[in-house]
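Here's the structure, in structure tokens; my notes come after.
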Amino acid sequence: MNDAAVIGPDSEVMMHFTLTLKDGTVAESSREGEPLEFRMGDGALVAGLERALFGLHGGSVQAIEIEPQDAFGFPDPANVHALSIHDFSHDMPLEAGVIINFTTPTGDETPGTVVEVDDEQVLVDFNHPLCGHTIHFAVEILAVSNSPAGMED
């Protein structure tokens, strides 16, 4: 592992991170568990979060505020769908704010947030829950590798 290695395209990165909303709510963090290990460009992070890491190296600590357009984007009204209430199990708690995992026709899992429920339908928002939010991205880079063998150097 080369602590002098700088994060660039295809770098292997090991880091701890915390994503916090403007109001201080922690949206996600690795601090209580294992650090995140990924290869730049593999889709583990949205592009705006990856761009904030370029040029950092092992030992870097950085806190960056990232606007919605560079983080998770803005909500798209086309991603809000009305589904028949009969498509849901009778014992499923359906109320605003509940997040339900759905399986897409291609077999992928995607979360949806219940927005509204009435006698006939359930309005579900499939936008990313962090859409529209400015994100405070705090990172501690633990290791960087730019060799083809990756983190096993």
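The values are calculated or read from the model by the stated rules, or taken from the named source; none is laboratory data. Everything numeric here is computed off the predicted structure, so don't read it as measured data. All Cβ positions, even for glycine, are placed from backbone atoms using ideal geometry, and neighbour counts span all protein chains on display.
Of the residues making up the stretch 1-28, those that are exposed (fewer than 14 other Cβ atoms within 10 Å of the Cβ) and within 15 Å of the chain's Cα centre (by Cα) are L21, T25, V26, E28.
Looking at the stretch 1-100, the strands (runs of 3 or more DSSP E) lying wholly inside it that each contain 1 or more residues that are under 30 Å from L123 (Cβ atoms) sit at 12-21, 26-29, 61-66, 80-84.
Consider E95 carefully, then state whether it is surrounded by fewer than 12 Cβ atoms within 10 Å (Cβ to Cβ), more than 23 Å from K22 (Cβ to Cβ) and in contact with a helix residue (DSSP H, G or I) (Cβ under 9 Å, 6 or more places away or on another chain). So E95 does not fit the description; no.
Being loosely packed, with under 14 Cβ neighbours inside 10 Å, over 22 Å from the mean Cα position of the chain (by Cα) and not assigned by TED's automatic domain parsing to the domain that holds I64 is the requirement here; does S89 meet it?
The answer is yes for S89.
Taking the listed residues V114, V122, the one that is surrounded by 15 or more Cβ atoms within 10 Å (Cβ to Cβ), assigned to a strand (DSSP E or B) and in contact (Cβ under 8 Å) with a residue 40 or more places away in the chain is V122, with no other qualifying. Restricting attention to the stretch 49-78, the residues that are crowded, with 18+ Cβ neighbours inside 10 Å, in contact (Cβ under 8 Å) with a residue 12 or more places away in the chain and within 20 Å of A143 (Cα to Cα) total 5. Of all residues in the stretch 19-58, those satisfying the criterion of being hydrophobic (A, V, I, L, M, F, W, C) and under 20 Å from V144 (Cβ atoms) are L36, F38, M40, A44, L45, V46, A47, L49, A52, L53, F54, L56.
Checked against the criterion of being in contact (Cβ under 8 Å) with a residue 12 or more places away in the chain, assigned by TED's automatic domain parsing to the domain that holds L45 and more than 23 Å from R39 (Cα to Cα), the stretch 134-148 contains one or more residues that satisfy it.
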